[in-house]
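Some notes on the structure that comes next.
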Amino acid sequence: MGDFSNINSTHITPETLRSLGRYDFPNPESIDPDGIGIVAMGGDLAPETLISAYAQGLFPWFNEDEPIAWWCPEPRCVMVPSDYQPSKSLRRQAKNERWKLTLNEAFDKVIHACSLPRSNGLPEGEHNWIHDEMIEAYTELHAHGFAHSIEVWDGAGQLIGGLYGLKIGNIYFGESMFHRASNASKLAFWGLMRLCEQSNVALVDCQLPNEHLMSLGATTMPRAQFLTQLNSLISGRSSRWQPHSHKPLAVAMLSTSEPWQSQT
(Lines give C-alpha, C1' and ligand atoms only; values in the text may rest on other atoms or scores of the structure.)
Protein backbone atom coordinates (compact mmCIF):
# COMPACT_ATOMS: atom_id res chain seq x y z
CA MET A 1 0.00 0.00 0.00
CA GLY A 2 1.30 3.47 -0.90
CA ASP A 3 2.16 6.29 1.46
CA PHE A 4 -0.99 8.44 1.56
CA SER A 5 0.81 11.36 3.17
CA ASN A 6 2.77 11.89 -0.04
CA ILE A 7 -0.29 11.99 -2.33
CA ASN A 8 -0.88 15.38 -4.00
CA SER A 9 -4.56 16.35 -3.91
CA THR A 10 -4.16 18.40 -7.10
CA HIS A 11 -2.63 15.63 -9.20
CA ILE A 12 -3.37 11.94 -8.77
CA THR A 13 -2.90 9.23 -11.40
CA PRO A 14 -4.39 5.77 -11.96
CA GLU A 15 -0.96 4.36 -11.10
CA THR A 16 -1.05 6.20 -7.77
CA LEU A 17 -4.48 4.74 -7.10
CA ARG A 18 -3.18 1.22 -7.56
CA SER A 19 -0.43 1.96 -5.05
CA LEU A 20 -3.08 2.97 -2.50
CA GLY A 21 -5.08 -0.18 -3.02
CA ARG A 22 -6.06 -1.67 0.28
CA TYR A 23 -9.16 -3.09 -1.41
CA ASP A 24 -9.98 -4.20 -4.93
CA PHE A 25 -13.23 -2.47 -5.77
CA PRO A 26 -15.28 -4.21 -8.48
CA ASN A 27 -16.05 -2.64 -11.83
CA PRO A 28 -19.53 -1.07 -11.42
CA GLU A 29 -20.55 -1.96 -14.98
CA SER A 30 -19.73 -5.65 -14.39
CA ILE A 31 -21.01 -6.10 -10.85
CA ASP A 32 -24.16 -3.99 -11.29
CA PRO A 33 -25.35 -4.42 -14.90
CA ASP A 34 -28.92 -3.51 -13.96
CA GLY A 35 -27.88 -0.12 -12.61
CA ILE A 36 -29.21 -0.54 -9.08
CA GLY A 37 -26.28 1.53 -7.83
CA ILE A 38 -24.71 -0.45 -5.00
CA VAL A 39 -21.50 -2.20 -6.04
CA ALA A 40 -19.67 -3.28 -2.86
CA MET A 41 -20.05 -3.74 0.90
CA GLY A 42 -17.56 -3.57 3.75
CA GLY A 43 -14.06 -2.16 4.02
CA ASP A 44 -13.27 1.02 5.93
CA LEU A 45 -13.27 4.80 5.62
CA ALA A 46 -9.51 5.32 5.84
CA PRO A 47 -8.30 8.25 3.70
CA GLU A 48 -6.58 6.01 1.16
CA THR A 49 -9.68 3.84 0.85
CA LEU A 50 -11.94 6.83 0.25
CA ILE A 51 -9.68 8.49 -2.33
CA SER A 52 -9.19 5.21 -4.18
CA ALA A 53 -12.96 4.63 -4.20
CA TYR A 54 -13.88 8.12 -5.41
CA ALA A 55 -11.31 8.01 -8.18
CA GLN A 56 -12.93 4.77 -9.39
CA GLY A 57 -16.40 6.31 -9.34
CA LEU A 58 -17.59 4.96 -5.98
CA PHE A 59 -18.71 6.75 -2.83
CA PRO A 60 -19.89 5.50 0.59
CA TRP A 61 -23.53 5.87 1.56
CA PHE A 62 -24.89 3.97 4.54
CA ASN A 63 -26.76 4.53 7.78
CA GLU A 64 -25.14 4.44 11.19
CA ASP A 65 -24.51 0.94 12.59
CA GLU A 66 -24.87 -0.60 9.12
CA PRO A 67 -22.08 -2.10 6.97
CA ILE A 68 -20.31 0.39 4.69
CA ALA A 69 -22.04 0.41 1.29
CA TRP A 70 -20.24 1.68 -1.83
CA TRP A 71 -22.35 3.20 -4.60
CA CYS A 72 -21.98 4.11 -8.25
CA PRO A 73 -25.45 5.19 -9.43
CA GLU A 74 -26.95 4.88 -12.88
CA PRO A 75 -27.32 7.53 -14.19
CA ARG A 76 -24.90 9.96 -12.52
CA CYS A 77 -25.98 13.47 -11.56
CA VAL A 78 -23.36 15.99 -12.71
CA MET A 79 -22.80 19.69 -13.33
CA VAL A 80 -20.39 21.33 -15.78
CA PRO A 81 -19.26 24.49 -13.95
CA SER A 82 -18.98 26.56 -17.11
CA ASP A 83 -22.59 25.71 -17.99
CA TYR A 84 -24.02 26.95 -14.70
CA GLN A 85 -26.38 29.93 -14.96
CA PRO A 86 -27.82 31.43 -11.75
CA SER A 87 -31.42 32.55 -11.87
CA LYS A 88 -32.26 36.23 -12.23
CA SER A 89 -33.71 36.25 -8.72
CA LEU A 90 -30.50 34.77 -7.28
CA ARG A 91 -28.44 37.38 -9.11
CA ARG A 92 -30.62 40.12 -7.64
CA GLN A 93 -30.29 38.70 -4.15
CA ALA A 94 -26.50 38.42 -4.44
CA LYS A 95 -26.31 42.02 -5.57
CA ASN A 96 -28.31 43.24 -2.55
CA GLU A 97 -26.99 41.04 0.25
CA ARG A 98 -23.98 41.89 2.41
CA TRP A 99 -23.09 38.24 2.76
CA LYS A 100 -19.70 36.74 2.01
CA LEU A 101 -18.28 33.39 0.95
CA THR A 102 -15.17 31.72 2.31
CA LEU A 103 -13.25 28.59 1.37
CA ASN A 104 -12.18 26.03 3.99
CA GLU A 105 -12.65 28.43 6.91
CA ALA A 106 -15.18 26.31 8.85
CA PHE A 107 -15.21 22.75 7.48
CA ASP A 108 -16.14 21.24 10.83
CA LYS A 109 -19.11 23.56 11.26
CA VAL A 110 -20.32 22.94 7.71
CA ILE A 111 -20.24 19.15 7.86
CA HIS A 112 -21.98 19.14 11.25
CA ALA A 113 -24.65 21.53 9.94
CA CYS A 114 -25.17 19.27 6.92
CA SER A 115 -25.74 16.32 9.26
CA LEU A 116 -28.70 17.97 11.03
CA PRO A 117 -32.36 17.53 10.03
CA ARG A 118 -33.66 20.43 7.97
CA SER A 119 -36.05 22.81 9.69
CA ASN A 120 -38.70 22.38 7.01
CA GLY A 121 -38.49 18.61 7.10
CA LEU A 122 -37.44 18.47 3.45
CA PRO A 123 -33.72 17.73 3.20
CA GLU A 124 -31.61 19.21 0.41
CA GLY A 125 -29.89 15.80 0.35
CA GLU A 126 -30.15 12.55 2.25
CA HIS A 127 -28.42 13.95 5.31
CA ASN A 128 -29.12 11.04 7.70
CA TRP A 129 -26.03 9.23 6.39
CA ILE A 130 -23.75 11.99 7.73
CA HIS A 131 -23.17 10.34 11.10
CA ASP A 132 -20.15 10.45 13.39
CA GLU A 133 -18.14 7.87 11.44
CA MET A 134 -18.59 9.81 8.20
CA ILE A 135 -17.86 13.15 9.85
CA GLU A 136 -14.61 11.81 11.28
CA ALA A 137 -13.56 10.33 7.92
CA TYR A 138 -14.21 13.47 5.86
CA THR A 139 -12.67 15.71 8.49
CA GLU A 140 -9.49 13.65 8.12
CA LEU A 141 -9.68 14.04 4.34
CA HIS A 142 -9.98 17.78 4.89
CA ALA A 143 -6.80 17.70 6.98
CA HIS A 144 -5.05 15.95 4.07
CA GLY A 145 -6.18 18.62 1.59
CA PHE A 146 -8.80 16.60 -0.30
CA ALA A 147 -12.11 17.61 1.33
CA HIS A 148 -13.22 21.23 1.07
CA SER A 149 -16.00 23.45 2.29
CA ILE A 150 -17.52 26.69 1.09
CA GLU A 151 -19.17 28.79 3.78
CA VAL A 152 -21.78 31.56 3.56
CA TRP A 153 -21.69 34.23 6.29
CA ASP A 154 -24.23 36.98 6.93
CA GLY A 155 -23.40 40.59 7.73
CA ALA A 156 -23.18 39.77 11.46
CA GLY A 157 -20.62 37.02 10.87
CA GLN A 158 -23.04 34.13 11.42
CA LEU A 159 -22.72 30.94 9.36
CA ILE A 160 -25.94 30.71 7.34
CA GLY A 161 -25.12 28.16 4.64
CA GLY A 162 -22.49 26.06 2.99
CA LEU A 163 -21.45 22.86 1.27
CA TYR A 164 -18.62 20.35 1.29
CA GLY A 165 -17.07 17.72 -0.96
CA LEU A 166 -13.80 16.38 -2.38
CA LYS A 167 -11.56 17.63 -5.17
CA ILE A 168 -9.27 15.24 -7.03
CA GLY A 169 -7.53 16.63 -10.08
CA ASN A 170 -10.10 18.24 -12.37
CA ILE A 171 -13.23 16.87 -10.70
CA TYR A 172 -15.10 17.93 -7.57
CA PHE A 173 -17.25 15.33 -5.82
CA GLY A 174 -20.09 17.12 -4.04
CA GLU A 175 -21.38 15.64 -0.80
CA SER A 176 -23.95 17.84 0.95
CA MET A 177 -25.15 21.40 1.50
CA PHE A 178 -27.29 23.28 4.02
CA HIS A 179 -28.89 26.66 4.56
CA ARG A 180 -30.17 28.70 7.50
CA ALA A 181 -31.22 31.68 5.38
CA SER A 182 -33.13 31.76 2.12
CA ASN A 183 -30.98 30.73 -0.86
CA ALA A 184 -27.75 30.59 1.15
CA SER A 185 -26.96 27.10 -0.15
CA LYS A 186 -27.66 28.25 -3.72
CA LEU A 187 -25.15 31.06 -3.27
CA ALA A 188 -22.63 28.54 -1.93
CA PHE A 189 -23.25 26.42 -5.01
CA TRP A 190 -22.78 29.41 -7.30
CA GLY A 191 -19.56 30.20 -5.47
CA LEU A 192 -18.42 26.62 -6.02
CA MET A 193 -19.15 26.84 -9.74
CA ARG A 194 -17.10 30.02 -10.10
CA LEU A 195 -14.22 28.59 -8.05
CA CYS A 196 -14.22 25.42 -10.17
CA GLU A 197 -14.08 27.49 -13.35
CA GLN A 198 -11.10 29.44 -12.06
CA SER A 199 -9.36 26.27 -10.85
CA ASN A 200 -9.66 24.19 -14.03
CA VAL A 201 -12.20 21.82 -12.46
CA ALA A 202 -14.15 20.53 -15.46
CA LEU A 203 -16.92 18.54 -13.78
CA VAL A 204 -18.82 18.49 -10.49
CA ASP A 205 -20.20 15.11 -9.47
CA CYS A 206 -23.54 15.56 -7.70
CA GLN A 207 -23.98 11.77 -7.31
CA LEU A 208 -27.76 11.24 -7.17
CA PRO A 209 -30.30 13.52 -8.85
CA ASN A 210 -32.86 15.28 -6.69
CA GLU A 211 -35.25 18.17 -7.20
CA HIS A 212 -32.99 20.72 -5.53
CA LEU A 213 -29.92 19.84 -7.61
CA MET A 214 -31.88 19.74 -10.85
CA SER A 215 -33.30 23.18 -10.06
CA LEU A 216 -29.72 24.45 -9.89
CA GLY A 217 -29.03 23.20 -13.40
CA ALA A 218 -27.56 19.76 -12.75
CA THR A 219 -28.08 17.09 -15.41
CA THR A 220 -27.67 13.32 -15.62
CA MET A 221 -24.93 11.38 -17.41
CA PRO A 222 -24.89 7.65 -18.20
CA ARG A 223 -22.69 5.85 -15.70
CA ALA A 224 -20.52 4.35 -18.42
CA GLN A 225 -19.79 7.80 -19.82
CA PHE A 226 -18.96 9.14 -16.36
CA LEU A 227 -16.56 6.28 -15.67
CA THR A 228 -14.90 6.67 -19.08
CA GLN A 229 -14.15 10.33 -18.35
CA LEU A 230 -13.00 9.74 -14.79
CA ASN A 231 -9.38 8.66 -15.40
CA SER A 232 -8.57 11.79 -17.38
CA LEU A 233 -10.37 14.01 -14.86
CA ILE A 234 -8.56 12.67 -11.81
CA SER A 235 -5.25 12.82 -13.67
CA GLY A 236 -5.69 16.50 -14.57
CA ARG A 237 -3.93 19.31 -12.77
CA SER A 238 -5.81 22.08 -11.02
CA SER A 239 -4.94 24.87 -8.62
CA ARG A 240 -4.74 23.98 -4.96
CA TRP A 241 -7.50 24.80 -2.49
CA GLN A 242 -6.46 25.14 1.14
CA PRO A 243 -7.32 27.20 4.21
CA HIS A 244 -6.50 30.85 3.58
CA SER A 245 -5.61 30.20 -0.09
CA HIS A 246 -8.41 32.51 -1.25
CA LYS A 247 -9.72 35.78 0.09
CA PRO A 248 -13.28 36.03 1.45
CA LEU A 249 -15.66 36.85 -1.38
CA ALA A 250 -18.61 39.25 -1.19
CA VAL A 251 -21.57 37.49 -2.82
CA ALA A 252 -22.22 40.68 -4.79
CA MET A 253 -18.98 39.91 -6.68
CA LEU A 254 -20.05 36.49 -7.94
CA SER A 255 -21.08 37.91 -11.32
CA THR A 256 -17.68 39.48 -11.95
CA SER A 257 -14.81 37.98 -13.92
CA GLU A 258 -12.73 35.60 -11.75
CA PRO A 259 -14.29 36.62 -8.41
CA TRP A 260 -12.17 34.33 -6.22
CA GLN A 261 -8.86 36.05 -5.47
CA SER A 262 -5.74 34.37 -4.16
CA GLN A 263 -4.34 35.44 -0.79
CA THR A 264 -0.84 35.57 -2.28
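Mind checking the per residue accessible area of the chain for me, 1.4 Å probe, whole number of Å²?
Working: 11920 Å² over 264 residues.
I get 45 Å² per residue for the chain.
Counting alpha carbon pairs within less than 8 Å and at least 6 residues apart, what relative contact order, in whole percent, applies to the chain?
Values: 510 pairs, mean separation 69.2, N = 264.
Once normalised by length, the contact order is 26 percent.
Return, in residue-number order, each cysteine of the chain whose C-beta is not under 4.7 Å from any other cysteine's C-beta.
By the Cβ distance rule, which asks for a partner under 4.7 Å, the isolated cysteines are Cys72, Cys114, Cys196.
Which net charge results for the neighbourhood of Gly35, defined as the other residues with beta-carbon distances under 10 angstrom from its beta-carbon, given Lys and Arg at +1 and Asp and Glu at -1? Walk me through the numbers before you get to the answer.
Values: positive: Arg223; negative: Glu29, Asp32, Asp34, Glu74.
Here the charged neighbours net out to -3.
Under a point-charge model restricted to the Cβ atoms of Lys and Arg (+1) and Asp and Glu (-1), what is the dipole moment magnitude of the chain relative to its Cα centre, in debye to the nearest 20? Please report the intermediate quantities before stating the final value.
On the way: 19 positive and 29 negative charges, 307 e Å.
The dipole of the chain has a size of about 1480 debye.
Give the shape of the stretch 196-248 as rounded, prolate or oblate, defined through the alpha-carbon gyration tensor: a ≥ b ≥ c are the square roots of its eigenvalues, a/c under 1.5 means rounded, and otherwise the shape is prolate if a/b is larger than b/c and oblate if not. Display every interim value, and only then the final one.
Working: a/c = 3.07, a/b = 1.33, b/c = 2.32.
Taking the square roots of the gyration eigenvalues as a ≥ b ≥ c, the stretch 196-248 is oblate.
With the cut-off at 21 Å, tell me which of the pairs Lys88/Lys247; Lys88/Lys167; Lys100/Lys186 have Cα atoms farther apart than that.
Values: Lys88/Lys247 26 Å; Lys88/Lys167 29 Å; Lys100/Lys186 13 Å.
From the list (Lys88/Lys247; Lys88/Lys167; Lys100/Lys186), the Cα-Cα distance tops 21 Å for Lys88/Lys247; Lys88/Lys167.
Under a point-charge model restricted to the Cβ atoms of Lys and Arg (+1) and Asp and Glu (-1), what is the dipole moment magnitude of the stretch 197-264 relative to its Cα centre, in debye to the nearest 20?
Charge dipole, the stretch 197-264, about its Cα centre: 220 debye, nearest 20.
How many nm separate the modelled label positions at Ala156 and Thr13, each set 7 Å beyond the Cα in the direction of the Cβ?
Each label point lies 7 Å from its Cα, and together they span 5.3 nm.
Could you give each residue of the stretch 34-40 its phi-based ³J(HN,Hα) in whole Hz, using Karplus coefficients 6.51, -1.76, 1.60 with θ = phi - 60°, and x for Gly or Pro?
Working through the residues one at a time gives 7, x, 5, x, 8, 10, 7 Hz.
Which of Asn128, Gly162, Leu141 sits closest to the plus end of the dipole of the stretch 86-242, meaning its Cα is farthest towards the positive end, when Lys and Arg get +1 and Asp and Glu get -1 on the C-beta?
My answer, from the dipole projection, is Gly162.
When the accessible area of the chain is computed with all protein chains present and a 1.4 Å probe, what percentage of it is carbon and sulfur? If you can, show how the numbers build up before the last one.
Numbers: 5710 of 11920 Å².
For the chain, the apolar C and S fraction of the accessible surface comes to 48 percent.
What shape does the stretch 151-264 have by the C-alpha gyration tensor, where a ≥ b ≥ c are the square roots of the eigenvalues, rounded means a/c under 1.5, and otherwise prolate means a/b greater than b/c and oblate the rest?
Numbers: a/c = 2.20, a/b = 1.31, b/c = 1.68.
It is oblate, given that a/c is not under 1.5 and a/b is not larger than b/c.
What does the net charge come to around Val204 if you take all other residues with beta carbon closer than 13 Å to its beta carbon, with K and R at +1 and D and E at -1? Mind showing how you got there, number by number?
On the way: positive: Arg76, Lys167, Arg194; negative: Asp83, Glu175, Glu197, Asp205.
Residues close to Val204 contribute a combined charge of -1.
What percent does the relative contact order of the stretch 75-185 come to when contacts are Cα pairs within less than 8 Å and at least six residues apart?
Values: 152 pairs, mean separation 28.2, N = 111.
For the stretch 75-185, the relative contact order is 25 percent.
Quick one: work out the % antiparallel among DSSP beta bridges in the chain, nearest 5. Intermediate values should be presented prior to the final figure.
Numbers: 34 of 37 bridges.
The answer is about 90 percent antiparallel.
Take the alpha carbon gyration tensor of the stretch 94-213, find the square roots of its eigenvalues, order them as a ≥ b ≥ c, and report rounded if a/c is under 1.5; if not, report prolate when a/b exceeds b/c, else oblate. Numbers along the way, then the final one.
Working: a/c = 1.32, a/b = 1.07, b/c = 1.23.
Note, shape of the stretch 94-213 comes out rounded.
The values are calculated or read from the model by the stated rules, or taken from the named source; none is laboratory data. Here the structure is a predicted model, which is why all the values come from computation and not from measurement. Backbone-built Cβ (ideal geometry, glycine too); neighbour counts: all protein chains shown. Calculation scope for accessible area: heavy atoms of the full protein, side chains included, ligands and nucleic acids excluded. Shrake-Rupley method; radii C 1.70, N 1.55, O 1.52, S 1.80 Å.
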